[in-house]
Every structure is written in C-alpha cells, then in structure tokens.
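Data first, discussion second: the structure below is written as structure tokens.
Only the coordinates and a few stated rules stand behind these numbers; no lab work does. Just so it is clear, the structure is predicted and the values come from calculations on it, not from any experiment. Backbone-built Cβ (ideal geometry, glycine too); neighbour counts: all protein chains shown.
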Amino acid sequence: MSIDTVAIYEFSQRLIRNFERVIIGKRNTLELVTLGLLAQGHLLIDDVPGVGKTMMARTLAKSLGASFARIQFTPDMLPSDVTGISIFNQVNREFEYRAGPVMAQILLADEINRATPKTQSALLEAMEERQVTVDGVTHKLPDPFLVLATQNPIEYEGTFPLPEAQLDRFFMKIRMGYPSAGDEVKILEAQQLQHPILQLEPVVEINELLEMQFMVKRVYVADEVKRYIVDVIRSTRDNQDVYLGSSPRGSLNLFRASQIFAAMNKRDYVIPDDVKYLVDPVLSHRIILNPTARLRHITPATLLHELLLQIPVPGGKLRPED
C-alpha cells in the first residue's frame with residue numbers, strides 16, 4: 001500500500017497558510033477545519049459572537065474557489081427556504097425546481113439553533129445523503145458539499161436546541177475562542193484599510209481536493225488502534241454519568257479523523273495519540289450527560305478526558321507491513 005503523505009501535508013499546509021491571512025492566531029482550529037474538509041465532514045462551530053465563525057466559512061470557500069451560500073436562520077424560516085421549491089411554469093405546463101441555498105458547495109448555516117426543529121430537519125437528508133427531495137423529486141448536491149453551522153452557546157432565548165439526530169451528523173464540533181492580546185493587535189492592523197478576505201485567492205482546485213479526500217482513506221490503521229477507538233466509544237455508553245453515549249457514527253468519524261490527522265503529519269499509519277487528540281472535537285457533541293452529572297459541573301470534555309485515562313493504550317506494531 002502506497003500513499004503520498006507529503007502531498008497531503010503540503011496540500012493541508014497550503015490551505016492553512018491561506019486561512020491564516022484572514023483568521024489570525026487560530027492554527028489548531030484551522031487544522032481541524034482542514035481535517036473536516038478532507039473528511040467530507042460537516043462542522044459545528046460553537047462560540048460567542050464576533051470571533052470569526054462566519055468569516056471562517058467565507059475564507060474556506062474563497063480558498064477553494066467553491067460556490068458559497070449563507071442561510072441566516074430565524075424562527076420564521078420554512079424548510080423550502082433551505083431546500084428550494086417547485087414552481088409551476090405556465091408556458092410548458094410543468095413544475096420547475098428552483099434551487100435553494102443548499103445547492104452550494106460550502107453552505108454556512110448561521111445561528112442554526114434559531115430555526116424551528118422542522119426547518120432544522122430540512123438539512124438532515126442533505127448532510128447525510130448529499131441530496132434533497134422536493135415534492136417527491138430528488139436533487140443531488142454538488143461535490144464537494146460541506147455545511148458549516150454556527151451557534152451561540154450563551155444565548156438561549158428564542159433558540160431551539162439541535163436534536164440528537166442532527167448533532168450526530170456533524171463530523172466535529174469546534175470552537176474559535178478569543179484571540180490573545182498580541183493576535184488582537186494584528187487583527188486591528190490587518191483590517192485598518194480593508195478586510196484581508198477581499199484579496200484572498202483560491203490556492204487549491206476542486207479536483208485536487210477530491211483526489212486528497214480519496215487518498216486519505218488509504219492511511220493504515222492497525223487492528224489494535226481500531227479496537228482502541230471502539231473501546232473509547234463504548235466507554236461513553238457504559239458510564240453512569242452519561243444518559244446517551246456516542247453512536248457507531250462516532251466510531252466511524254473518529255476512525256476517519258485519525259487517518260487524516262496522521263496524513264497531515266506525514267504519516268501513513270495512525271497512532272493512539274492521533275485518536276486521543278481528536279476525541280474531544282469528534283465526540284463531545286455526541287454525548288448527553290445525566291442531570292446529576294451536570295449539577296456536579298461535569299462537561300463532556302472533562303468526562304472524555306477521564307475516560308481516556310482509564311482505557312489501556314495499545315502498543316506493539318502499529319505501522320503497515322513493508
């Protein structure tokens with residue numbers, strides 16, 4: 001088995017360097033966004049207003065030269081505002097599909113938790129099957145197709161919590177966080193005359209992205225590491241503080257994320273540290289804690305950290321056979 005990990009590394013670094021022209025001081029977050037892109041996985045960005053969530057989605061689209069659409073979710077939105085509608089053409093006496101904003105390669109679902117559950121569910125088919133069905137007719141979405149959804153974790157009035165089925169469809173949940181003092185000064189300087197995104201140019205082609213998305217699937221994962229991933233997932237289901245643990249989709253996503261993270265670090269095999277690093281962003285939004293655990297101020301992140309300390313780490317031969 002051969003895989004060009006250098007090409008994957010250079011591809012990811014090219015994207016990250018372009019991101020950093022706009023998003024300053026958030027390299028770890030940018031690495032996770034790049035990882036999600038290579039995994040063809042949708043991202044939930046959960047953070048306070050004004051830290052660059054929307055700008056991250058625009059920067060990603062411009063770096064790829066991909067089509068971009070933004071949906072500003074509000075309580076009065078309808079599912080057809082997302083998927084599009086069929087309109088009767090009186091000239092040819094047939095119904096014609098008028099595409100909604102979901103027919104973009106990069107879709108920003110801004111403040112997704114402000115929409116009603118009925119409207120939120122309009123994205124379920126698109127996120128999982130990469131298609132939408134309107135009036136019984138199925139329409140394929142473009143390739144690549146990536147949803148970046150944002151939500152504000154401190155504002156609850158007028159919001160509707162995302163149902164578990166939709167949360168589970170997000171590949172990762174990431175946070176931007178506040179910039180450091182030095183980085184905030186750089187942000188002021190960078191935007192003094194004009195926003196740097198106005199000068200951003202595509203640095204990769206769509207065909208190159210599709211090739212990399214296929215290539216990362218060939219990264220070797222030893223049986224011991226696969227078992228380690230399953231043990232981590234199962235530990236979330238058997239814990240007394242957990243009401244609902246991770247689904248098998250969580251196993252698949254952690255498996256795929258570990259492959260890509262290894263390739264981004266110029267390795268053609270996965271090690272347990274790859275899995276550990278990705279457990280929080282991949283699994284934290286898939287876990288629902290018991291009320292008693294929340295009263296004790298336990299969070300999914302702290303719970304996952306404790307679980308990782310209890311699970312034996314595999315050793316032995318983790319590299320592929322020559």
In sequence order, calculated HN-Hα J values of region 215-225 (Karplus, 6.51, -1.76, 1.60; Hz; x Gly/Pro): 5, 5, 5, 8, 4, 6, 10, 5, 4, 5, 6
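When a/c reaches 1.5 or more, the comparison of a/b and b/c decides; with that in mind, is region 132-233 rounded, prolate or oblate per its Cα gyration tensor? Spell out each step's value before the answer.
Working: a/c = 1.37, a/b = 1.31, b/c = 1.05.
Cα axes put region 132-233 in the rounded bin.
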Report, by chain and number, residues whose modeled amide H sits under 5 Å from the one on GLN131, excluding near sequence neighbours (fewer than 5 apart, same chain). ALA126, LEU141
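Might you report the magnitude of the Cβ-based charge dipole of region 219-311 about its Cα centre, with Lys and Arg at +1 and Asp and Glu at -1, to the nearest 20 debye?
Numbers: 12 positive and 10 negative charges, 53 e Å.
Computed charge dipole of region 219-311: roughly 260 debye.
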Potential lengthening between ARG98 and GLN240 on full extension [0.36 nm per residue; Cα-Cα distance subtracted]: 46.2 nm
Longest to shortest principal axis, alpha-carbon extents of region 219-311, angstrom: 43, 22, 20
Just to be sure I understand the curve: with the Debye formula and one point per C-alpha of region 25-78, what is log10 I(q)/I(0) at q = 0.15, 0.21, 0.25, 0.30 Å⁻¹? -0.51, -0.94, -1.23, -1.44
Consider the candidate values (i) 57, 47, 37; (ii) 70, 46, 45; (iii) 68, 60, 47; state which one is Cα extents along the principal axes in Å computed from the structure displayed. (ii)
Set Lys and Arg Cβ to +1 and Asp and Glu Cβ to -1, take the dipole of the chain about its Cα centre, and tell me which of LEU210, SER86, LEU303 lies farthest positive. LEU303
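Over all directions, what mean area does the Cα convex hull of region 166-216 project, stated in square nanometres?
In nm², the orientation-averaged hull projection of region 166-216 is 6.4.
With 19 Å as the cut-off, how large is the P(r) tail for region 56-145, expressed as percent of Cα-Cα pairs?
Working: 1718 of 4005 pairs.
Value for region 56-145: 43 percent of Cα pairs lie more than 19 Å apart.
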Determine, for HIS297, HIS139, HIS305, the number of other Cβ atoms within 10 Å of each Cβ, and report the residues in order from fewest to most. HIS297, HIS305, HIS139
At 4 °C and 1.567 mPa s, grab the translational diffusion coefficient of region 224-268 from Stokes-Einstein with a Kirkwood Rh over Cα pairs, rounded to a whole number in µm² per second. 114
With Cα atoms, 0 to 90° folded angle of helix 248-264 axis to the chain main axis: 80
Quick calc of log₁₀ I(q)/I(0), region 1-155, Debye, one scatterer on every Cα, no solvent, q values 0.09 1/Å, result -0.34
Given Cβ point charges of +1 (Lys, Arg) and -1 (Asp, Glu) and nothing else, what value in debye, to the nearest 20, does the dipole of the chain about its Cα centre take? 240
